[in-house]
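Everything below concerns the one structure shown next.
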Amino acid sequence: MHTDTERCVRAVQSKDARFDGWFFTAVLTTRIYCRPSCPVVPPKPENMTFYPSAAACQQAGFRACKRCRPDTSPGSPEWNARADTVARAMRLIRDGVVDRDGVPGLAARLGYSTRQIERQLSAELGAGPLALARAQRAQTARVLIETTGLPMAEIAFAAGFSSIRTFNGTVREVFALAPGELRARAARRPGGANNVNGMNGAGTGTPGAITLRLPFRAPLNPDNLFGHLAATAVPGVEEWRDGAYRRTLRLPYGTGIVALAPRPDHIACRLLLTDTRDLTIAISRCRWLLDLDADPVAVDGQLATDPLLKPLVTKAPGRRVPRTVDAAEFAVRAVLGQQVSTAAARTHAARLVTAHGDPVDDPEGGLTHLFPTSEALAGLDPEALALPRSRRTTLITLVTALADGRLALGVDSDWDDARAGLSALPGFGPWTVEVIAMRALGDPDAFLPTDLGMRRAATSLGLPAGPAALTAHAAAWRPWRAYAVQYLWATDDHPINHLPTDEKAPA
């Protein structure tokens, strides 16, 4: 979008928050870059230039605006709606792969050379992988500086910087303030260090807890999003408590527990991490879980062109696709949920968790385990599983393929390749493959025409109920058919469609 100057100027002049994250406005006279919705008086059009990423702005010598904090805007929805190399690379960078494995590690995950990756990212985003990762490190550092009392040295390494000197230089260059000045400025804001510029600080309860706001593009309907996560929660791994969805996280450097609660203009996020170096990937996975980088205006606009879907969209706009923090975990749970009720699927998963999950300590709730790894499940005796024989075979084949690397599922997956790999496994029909593509891989066009709930909804709305006919009709909904599934599922009075009101997930 950043190449459409006229459209960008209109968005800036109208302070349209829908375009936050789509592009960034750099002001030539002040050398500051802003998000489109910046509250200051818009600059003259001739003084504006536009970039596709914060990293490109920083690389061109612009610093972040202190008013609108463009580095904290929602991520571009473009990277979650595509499965090409650049989109997959952006999802991996967001997950901290460059910080952990360097650019060669990123290239290896994508199957390209380092030069090819750098060339493709620079051509489309105006910055290479190192610059993009540097911009993300700067934002992580800002979160820790403003929301915790950690010493600056600890923050530097937790954010992924190789030295304190690099940390100090980057923060000063990007924000035009030294780290200590950023913290002092935050403390002077209303609410002090615990309510910094729209981002809550570390709570006074559990030591080490980090609480922050996760922004999103409005509207956001939390009913089916949190309802689905709570209704399908695996005991010990997930729970609904005190108005928040809570779950355990398996992270590169340690473990974590997150609590996520819907608010009118943000998602309240509270993290307990055993290693603060995992902050970046924990935030990334929470955003992915709740589909927070989606563009609901574009999605709903397309779906509302269908007269039969329009009443559903108009009544409750902004539905998101509930995803997962671990694609392999969700694939296992999808197999356990084949042809059984939600309650039965939770029971099967809970048994695996109790027997094979790694224990965790939860000082704030009732979480007890991490979900078992594929490696832990690959050594199971099939006869020990309380499942039909065919499903035992499906589960063991799946976890073995995941454990030995023959099947790779993650945010960087090529959607078509992943579908082909899943379809080649015994017991994987179209429903299982598509639900994994939708919720684990994030394909916005995944579709479930054979799903019973979909067929009931189609019949009640006057849509074709047969899988082939419904698929043909749904061609007009592309590339957002996964969101159409959410609207159709929401016509049923099932617990997945209602925001929980009690402290426990429904049985």
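The values are calculated or read from the model by the stated rules, or taken from the named source; none is laboratory data. Since this is a predicted model, take the numbers as computed values, not measurements. Positions of Cβ are generated from backbone atoms using ideal geometry, with glycine treated the same way; all protein chains shown enter the neighbour counts.
For ALA187, the criteria (1) of a type outside the set (Asp, Glu); (2) touching a helix residue (DSSP H, G or I) at 6+ places or on another chain (Cβ under 6 Å); (3) touching a residue at least 60 places away in the same chain (Cβ under 8 Å) hold in every case but one, which is (3). Consider segment 64-76 and keep the residues that are under 18 Å from the mean Cα position of the chain (by Cα) and part of a helix (DSSP H, G or I). The one that is surrounded by the fewest Cβ atoms within 10 Å (Cβ to Cβ) is THR72. Can you find a residue in segment 112-134 that is farther than 22 Å from ALA54 by Cα, in contact with a helix residue (DSSP H, G or I) (Cβ under 8 Å, 6 or more places away or on another chain), outside any helix (DSSP H, G or I) and in contact (Cβ under 8 Å) with a residue 24 or more places away in the chain? Among the residues of segment 112-134, at least one is farther than 22 Å from ALA54 by Cα, in contact with a helix residue (DSSP H, G or I) (Cβ under 8 Å, 6 or more places away or on another chain), outside any helix (DSSP H, G or I) and in contact (Cβ under 8 Å) with a residue 24 or more places away in the chain, which makes the answer yes.
Say whether the condition of being surrounded by 22 or more Cβ atoms within 10 Å (Cβ to Cβ), part of a helix (DSSP H, G or I) and touching an Asp or Glu at 6+ places or on another chain (Cβ under 9 Å) is met by at least one residue in segment 25-42. Scanning segment 25-42, I find no residue that is surrounded by 22 or more Cβ atoms within 10 Å (Cβ to Cβ), part of a helix (DSSP H, G or I) and touching an Asp or Glu at 6+ places or on another chain (Cβ under 9 Å), so the answer is no. Within segment 413-438, the set of residues being surrounded by fewer than 22 Cβ atoms within 10 Å (Cβ to Cβ) and assigned to a loop (DSSP other than H, G, I, E, B) comprises ASP414, ALA424, LEU425, PRO426, GLY427, PHE428, GLY429.
Of the conditions (1) out of contact with any Lys or Arg (no Cβ under 8 Å at 6 or more places or on another chain); (2) within 23 Å of ALA408 (Cα to Cα); (3) assigned to a helix (DSSP H, G or I); (4) in contact (Cβ under 8 Å) with a residue 60 or more places away in the chain, TRP79 clears all except one; give me its number. Only one criterion is unmet by TRP79, namely (1). Please work out if LEU272 is among the aliphatic types (A, V, I, L, M), over 16 Å from THR324 (Cα atoms), modelled with pLDDT of 95 or more and in a strand (DSSP E or B). The answer is yes for LEU272. The single condition from (1) closer than 20 Å to LEU125 by Cα; (2) surrounded by 13 or more Cβ atoms within 10 Å (Cβ to Cβ); (3) modelled with pLDDT of 90 or more that THR5 fails is (2).
In the set (1) over 17 Å from the mean Cα position of the chain (by Cα); (2) modelled with pLDDT of 95 or more, the condition left unmet by ALA202 is number (2).
Every condition in (1) hydrophobic (A, V, I, L, M, F, W, C); (2) more than 22 Å from the chain's Cα centre (by Cα); (3) more than 26 Å from LEU273 (Cα to Cα) is met by ILE145 except one, and the failing one is (3).
Can you find even one residue in segment 329-337 that is over 17 Å from THR232 (Cα atoms) and either over 25 Å from the mean Cα position of the chain (by Cα) or assigned by TED's automatic domain parsing to the domain that holds PRO388 (or both)?
From segment 329-337, those over 17 Å from THR232 (Cα atoms) are none; that's our starting set.
No, that holds for no residue.
Within the span defined as segment 370-386, one or more residues are closer than 29 Å to ARG82 by Cβ and assigned to a helix (DSSP H, G or I). Here the condition is being buried (at least 22 other Cβ atoms within 10 Å of the Cβ) and more than 19 Å from GLN139 (Cα to Cα); of LEU106, LEU110, it holds for LEU106 alone. Scanning segment 1-17 for residues that are more than 23 Å from PRO219 (Cβ to Cβ) and among the charged types (D, E, K, R) returns ASP4, GLU6.
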